[in-house]
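What follows is a single structure, written as structure tokens, with notes after it.
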Amino acid sequence: MKICIYGAGAIGGYMGAKLAKAGADVSLVARGPHLAAMNANGLTLIEGDTRETVPVRASEDPADLGVQDYVIITLKAHSVPAVVERMQPLLGPDTTVVMGVNGVPWWYFYKLPGPWEDHRLPSVDPGDMQWTGIGPARVLGCVVYPAAEVAEPGVIQHIEGNRFSLGEPDGSKSERANRLSKALGAVGLKAPVRPAIRNEMWVKLWGNLSFNPISALTGATLDVLCTDPGTRAVARGMMVEAQAIAETLGVKFPIDVDRRIEGGAEVGAHKTSMLQDLERGRPMEIDALVASVQEMGQLVEVPTPTIDTVLSLIRLRARVAGCYDG
């Protein structure tokens, strides 16, 4: 089984190191100093008190790596359309593409029964680049839970979590999903195959939709914004609007809004990824995490006044900082 991880930063590097350590046929697409360090010294993974370095096959050019059985994309959502053409050498007729990307996925409406089946989402897939260049039939859904960071080029610091939930767009327990689940399980990662992957996506999206922009606007960590009465109310309003959209689309939530907010508070003094990107002057995932939900609300005719307000504010904040060009 040939596995390529496209975007071997924090999460992709964590998964790649675990696979490489177990002797899997894994390759990594990366760039810059991180790629140079991996090629020179191997990929180092720090887990707790354990530090281990493994040799890896890594390249900036997918053509060096050849056709894969699985391509696992762990880029930020806004980075994917621009690399679809470059990843074509990895894709054969039987290649499965695993979208380990936060936010509403571009394939969301593929094989979703109902009036919106096969609807496209310009906010996350402008020009249908992914729909046509990857193809929804190749896609296996994924919800990413681990937290990790690139401590320095070639070095991944694992913080917590080891679950990558998998799911077919049509809810089936396919051979390709089960095969990957077993391969990841064999290297110490949890990869359950879910019959309703969209349900799990929305529970994670609840937090990303609300906590991320609010933290970037205020500079507050999760423990603060989830307990301050004002910001908690804003987050709750966004979540309630999102829940109405999701339930219109057939999603069932296993927990309620208040429990989800409490879960965010329990994470503690953590800076969300959007706040970190703002502070570091990097492009922010506004469209995949927030604008996509607004777009879906318009599609199903569910009003989103709180989401609309926060989206307008975070877009302007990001533009002023040079971190968003949408």
Asserting the computed 222 nm helical MRE of the chain (DSSP H runs at least 4 long, -39500 (n - 2.57) per run, divided by residue count, to nearest 500) equals -12000 deg cm²/dmol
Using +1 at the Cβ of each Lys and Arg and -1 at the Cβ of each Asp and Glu in the range 2-195, identify which of Ala183, Val67, Pro146 lies farthest towards the dipole's positive end.
Ala183
Considering every pair of different Cα atoms, what Kirkwood radius, in Å, is found for the chain?
20.1
Per-residue HN-Hα couplings for the range 89-96, Karplus 6.51 cos²θ - 1.76 cosθ + 1.60 at θ = phi - 60°, whole Hz, x for Gly and Pro?
x, 7, 9, x, x, 10, 6, 9
Return Arg260, Arg280 ranked ascending by Cβ neighbour count within 10 Å, so the fewest neighbours appear first.
Arg280, Arg260
For Asp228 and Arg282 in the same chain, what is the full-extension length gain: residue separation times 0.36 nm, less their Cα-Cα distance, in nm?
16.7 nm
Provide Arg163, Arg317, Arg232 in ascending order of the number of other Cβ atoms located within 10 Å of each residue's Cβ, fewest first.
Arg163, Arg317, Arg232
What is the range 1-111 by shape, rounded, prolate or oblate, if you read a ≥ b ≥ c off the alpha carbon gyration tensor as root eigenvalues and call it rounded for a/c under 1.5, prolate for a/b larger than b/c, and oblate otherwise?
prolate
Using alpha-carbon coordinates alone, the radius of gyration and Dmax of the range 198-320 in Å work out to 13.4, 38
How long, wide and thick is the range 2-195, going by the Cα atoms along their three principal axes, in whole angstroms, largest first?
51, 30, 27
Taking the Cα centre as origin and putting +1 on Lys and Arg beta-carbons and -1 on Asp and Glu beta-carbons, what dipole magnitude results for the chain, to the nearest 20 debye?
440
Distance between Cα centroids, the range 125-166 to the range 225-269: provide it in whole Å.
23
Choose one of Trp106, Ser172, Ala216: the residue whose Cα lies farthest towards the positive end of the charge dipole of the chain (beta-carbon charges +1 Lys, Arg; -1 Asp, Glu; about the Cα centre).
Ser172
Taking Ile307, Ile46 and counting other beta carbon atoms within 10 angstrom, the fewest-first order is Ile46, Ile307
Out of Val300, Thr272, Met239, whose Cα points farthest toward the positive end of the dipole of the range 208-302 (charges: +1 Lys, Arg; -1 Asp, Glu; placed on Cβ)?
Thr272
Förster radius 41 Å - calculated FRET efficiency between Glu85 and Thr248 (Cβ-Cβ, nearest 0.05):
0.70
Would you tally the net charge around Arg138, using a Cβ to Cβ cut-off of less than 12 Å, leaving Arg138 out, and scoring K and R as +1, D and E as -1?
-2
Could you check the simple spin-label distance between Asp49 and Arg259, using points 7 Å along Cα→Cβ, in nm with one decimal?
3.6
Taking a virtual spin label 7 Å from the Cα of Ala151 along the C-beta vector, which residues in the range 6-45 bring their backbone nitrogen under 11 Å of it?
44-45
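Read-outs: derived from the displayed coordinates by stated rules, not from any lab. Please read all numbers here as calculations on a predicted model, not as lab measurements. Ideal geometry is used to build each Cβ from the backbone, glycine not excepted, and the neighbour counts take in all protein chains shown.
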